[in-house]
Amino acid sequence: MSRLLDVENLTLQFDTDEGRITAVDDVSFSLEAGQVMGLVGESGSGKSVTAKALMKLNPPNAIYGEKTRITLHLDDGPIEIMDLKTTTDLKVIRGGAISMIFQEPMASFAPAITIGDQMTEQLQIHTDMSIKKATEVSIEMLDRVGISDASSRFKQFAFELSGGMRQRAMIAMALSTNPKLLIADEPTTALDVTIQAQVIDLMKDLVDDFGMGIIFITHDLGVIAQTADHVAVMYLGRLVEQGPVREVIRTPAHPYTKGLIAALPRMDDLDAPLEPIPGDIPSPLERPPGCVFNTRCPVAIDGICSTEVPSFYDVSNKHKTACHLVEREAHGK
Amino acid sequence: MSETTNKTPLISVKDLSVHFGLRGGGFGKKPVVRAVEAVNIDIAPGSFFGLVGESGSGKTTLGRALLRAVPITRGKLTYDDGEKQYNLAKIQKEQLKDYRSRAQLIFQDPYAALSPRMTVRDIIAEPLEVMKLTNSREETDERVREIADKCRLNLEHLRRFPHAFSGGQRQRISIARALVSRPKFVVADESVAALDVSIQADVLNLLKSIQQEMGLTFLFISHDLSVVAHICDYVAVMYLGRLVETAPTRQLFAAPKHPYTKALLSAIPSLDPDDRGKAQKLEGEIPSPTNPPPGCKFQTRCPFAIDICKKDEPELQVAAENHNVSCHRWKELME
């Protein structure tokens, strides 16, 4: 496997009427080609903002931290995404090396242009295909993602397709330019479970076929367990834990990850009480000092967690977490 | 609760259908959406009754029909809490007003359900004022404080506007508003679907404790089977306007009989990464309710459909005590 993406010290703030909000705070992670990384978090955790930063899709009031470095490793050399300034520069990644699929496919398709026209348009922008070739490729792609009767669907509008079909068409469109990195932002959240299962299957097949890296953003740990190789858990703009999916889900280290798993209604034990994480997620305007989770953490250490920002500690080879308690216990104090 | 009231269902539904006529179509027949078709259920007092299904299954419409918020096309629908009886299918306007104080709805989206221009106190008090259930402002305030306390909202919260609250708190405000009229029957339509997991558990625990404390009967509508499994004591599964299976929760999850229920259970993403690829996959999507397939409504997606499924619609049969299933082949498939 080769390295595909390195995100180092990603910090992102927004200037708003109410003041400067820190949406992402010093986040670093990397992704190998052919790997699926799940980015989990609740509302306001900064997971979508992080993903959008990879394509510099955030609005003009976004301020990137000075140390932020995002490197995409392509066959013909690395690209420093922070150095891309103009929209022309960004074409290399937007819709080229990186594609994105969103939660609500109806909002992502133009309502008054046929699916086919939208697909061929982007192929013509990003490749030197003729319209005939682009049409062929698009129909083939629609067929590949399991849309029956692809050539007639090609001529239809987004509203004529069902939710599941639309999401498939969205995936077909995102993959037709043969991206190296696919960002999927809650791609199955708006779908019914039986359709969600179909789309998850499809995405797994596509990773095997195309070998791209995927960043899969979701709030649903079950979906992560069924799709990702690697998980990163975010809370209030910070990465609190990351590691291989089995380790993180079976032996979570951070109190927040533990809390998230305990709050899930489990199907294998209907008698298990549902244990909510106490309190609410603080507003990004009032980010707690020290560890961002200290206001809700059941095991916060007095005098440390509310003042010092924890650094990452290696739980095992690839599994690390930012928690004072974990580090203390490991040192036997 | 006495023995006798325990035996009478609070809500009794017989052959209930709700159809909506669609506009347009030009010449010929206007298309009709058969949102709910020939549904039979009894909801026992004090139960937490779950109604599950995918989008388009008719679960929301059925919930609204039980509140008489949509017109009923056919069938019988009665309410009996021991003090009052209503024949809901033929209820008059005056009586309906009365029924509304006994049957309430909690909405899905706590952001859309609360007026941004009213204080939390006014939001919770509104049902009392509209239905004229209290005689003085003091009495209203007393009732508001009492229910707010049950929903873990303090006096300070009551003075504020909804925008100052998080999703979980807003949902607790919605719950307080629904319960302030002291209803007996509450329909909770996807009431935790918009909440984060860590908050969802809190709201579910609250609903359950309030239900026990106030002796409420809940109809809990959800697409999320894992939530239903934890909170409901009886579950009905809907597909394309029909009930396909009804059973006590434990029994349904331990031994589902309908192929659709089985597929639905299997499609829940497991928290165990080693379960990958084990899910039993269902092909295709739910058909349009304007043009349902003949025979069993599930036959277009059912891996076990045979000729009879394509011709005859199965009836709800008794599979075990309190456990009903509408499938021609359920017995064979159990073997």
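Values in this text are rule-based calculations from the coordinates and carry no lab data. All values reported here derive from a predicted model rather than from experimental measurement. FYI the Cβ positions are ideal-geometry reconstructions off the backbone, even for glycines, and counts take in every protein chain you see.
With the contact rule set at Cα under 8 Å and sequence spacing of 6 or more, what percent relative contact order holds for chain A? The normalised contact order for chain A reaches 20 percent. Sorting the segments B:226-233, B:307-314 by their mean number of nearby beta carbons within 10 angstrom, highest to lowest, gives B:226-233, B:307-314. For residue A:36, what residues show an amide H to amide H distance below 5 Å, using hydrogens built from the backbone and excluding near sequence neighbours? Here A:214, A:229, A:230 satisfy the definition. Dividing the Cα radius of gyration of the stretch A:267-333 by 2.2 N^0.38 Å, with N the residue count, gives 1.35.
Whole-Hz Karplus values for the stretch B:90-97 come out as 10, 5, 8, 4, 4, 5, 4, 4 Hz, taken residue by residue from phi with 6.51 cos²θ - 1.76 cosθ + 1.60 and θ = phi - 60°; glycine and proline positions read x. Toward the positive end of the charge dipole of chain A, with +1 on the Cβ of Lys and Arg and -1 on the Cβ of Asp and Glu, the farthest Cα among A:125, A:33, A:228 is that of A:125.
Calculated on the Cα set of the stretch B:62-162, radius of gyration then Dmax: 16.0, 48 Å.
Cα centroids of the stretch B:224-264 and the stretch B:274-325: how far apart, whole angstrom? So the two Cα centres are separated by 13 Å. Of all beta bridges that DSSP places with both ends in chain B, some 60 percent have antiparallel geometry.
Taking the DSSP bridge list for the stretch A:166-255 and keeping only pairs wholly inside it, about 55 percent are antiparallel. In order along the stretch B:192-202, phi translates into HN-Hα couplings of 10, 5, 8, 9, 5, 3, 5, 8, 3, 4, 5 Hz, rounded to whole numbers, per the Karplus curve 6.51 cos²θ - 1.76 cosθ + 1.60 with θ = phi - 60° and x for Gly and Pro.
Across the stretch A:252-263, coupling constants 3J(HN,Hα) worked out from phi with the 6.51/-1.76/1.60 Karplus curve, θ = phi - 60°, read x, 9, 7, x, 5, 4, 4, x, 4, 5, 5, 7 Hz, and Gly and Pro carry x. The mean number of Cβ atoms from other chains found within 10 Å of a Cβ in peptide A:43-53 is 1, as a whole number. Size descriptors for the protein assembly as shown: radius of gyration and Dmax over Cα atoms are 26.6, 82 Å.
Please report, in debye to the nearest 20, how large the charge dipole of the protein assembly as shown is about its Cα centre when each Lys and Arg carries +1 at its beta carbon and each Asp and Glu carries -1 there.
Dipole size: approximately 1980 debye.
Counting Cβ atoms of other protein chains within 10 Å of each residue's Cβ and taking the mean over peptide B:277-286 gives 5. A simple spin-label model places pseudo-atoms 7 Å from Cα toward Cβ; at residue A:43 and residue B:250 they are separated by 3.6 nm. Take the Cβ atoms of residue A:67 and residue B:160, set R0 to 45 Å, and the FRET efficiency comes out at 0.70.
Close amide H partners of residue A:235, meaning residues 5 or more places away or on another chain with modelled amide H under 5 Å apart, are A:240. With neighbours defined as other Cβ atoms within 10 Å of a residue's Cβ, the residues A:85, B:93 order from fewest to most as B:93, A:85.
The reciprocal of the average 1/r between distinct C-alpha atoms defines the Kirkwood hydrodynamic radius, which for the stretch A:1-156 equals 17.8 Å.
Residues of the stretch A:90-115 falling in the label zone of residue A:159, defined by backbone nitrogen less than 11 Å from a point 7 Å along Cα to beta-carbon, are A:111-113.
Of all DSSP beta bridges confined to the protein assembly as shown, the antiparallel ones make up roughly 60%. For the stretch B:128-226, applying the loop criterion from DSSP together with a ceiling of 16 other beta carbons within 10 Å to the trypsin sites (Lys or Arg not before Pro) yields B:132, B:152, B:160. A Förster radius of 35 Å, combined with the Cβ-Cβ distance separating residue B:290 from residue A:6, puts the computed FRET efficiency at roughly 0.10. Considering only Cα atoms, the convex hull volume of chain A works out to 154 Å³ per residue. Using a cut-off of 27 Å between Cα atoms, the listed pairs B:14/B:257; B:84/B:257; A:47/B:278; A:56/A:258; A:47/B:281 include B:84/B:257; A:47/B:278; A:56/A:258; A:47/B:281 as exceeding that distance.
When only Cα pairs below 8 angstrom with a gap of at least 6 residues are kept, chain B shows a relative contact order of 19 percent.
For the stretch B:40-98, a/c is not less than 1.5, where a ≥ b ≥ c are the root eigenvalues of the C-alpha gyration tensor, and a/b does not top b/c. That puts it in the oblate class. The alpha carbon gyration tensor of the stretch B:137-195 gives principal lengths a ≥ b ≥ c with a/c of 1.5 or higher and a/b no greater than b/c, which makes the shape oblate.
A straight Cα-to-Cα reach below 17 Å connects residue B:310 with the lysines B:297, residues fewer than 8 places away in its own chain not being considered. In this label model, residue A:88 and residue B:320 are separated by 7.1 nm, measuring between points 7 Å along each Cα→Cβ vector. Considering helices alone, the calculated mean residue ellipticity of the protein assembly as shown at 222 nm is -9000 deg cm²/dmol, with DSSP H runs of length four and up weighted by -39500 (n - 2.57) and normalised per residue.
When all alpha carbon pairs of the stretch B:227-307 are counted in 10 Å bins from zero, the resulting P(r) reads 16, 44, 33, 7, 0 %. Each label point was placed 7 Å from the Cα along the Cα-to-Cβ direction; for residue B:332 and residue B:20 their separation is 3.7 nm. With contacts taken as Cα pairs under 8 Å and at least 6 residues apart, the stretch A:124-235 reaches a relative contact order of 22 percent. Normalised radius of gyration (Cα atoms, divided by 2.2 N^0.38 Å) for the stretch A:167-297: 1.19. Using 1/(1 + (r/R0)^6) with R0 = 25 angstrom and r between the beta carbons of residue A:330 and residue A:246, what's the FRET efficiency to the nearest 0.05? Calculated value: 0.80. Neighbour counting of Cβ atoms within 10 Å sorts the residues B:260, B:86, A:64, B:111, fewest neighbours leading, into B:111, A:64, B:86, B:260. Tell me whether the stretch A:23-88 comes out rounded, prolate or oblate; compute the Cα gyration tensor, take square roots of the eigenvalues as a ≥ b ≥ c, and use a/c under 1.5 as the rounded threshold. It comes out oblate by the Cα gyration axes.
Taking amide hydrogens as placed 1.01 Å from N in the peptide plane, the amide H of residue B:244 sits under 5 Å from those of B:237, B:238, B:239, each at least 5 positions away in sequence or on another chain.
When the distances between all Cα atoms of chain B are binned every 10 Å from zero, what whole-number percent does each bin get? With 10 Å bins starting at 0, P(r) equals 5, 24, 32, 24, 12, 3, 0. Going from the residue with the fewest nearby Cβ atoms within 10 Å to the one with the most, B:298, A:157 rank A:157, B:298.
Taking only the Cα atoms of the stretch A:222-333, the radius of gyration and Dmax are 14.3, 39 Å.
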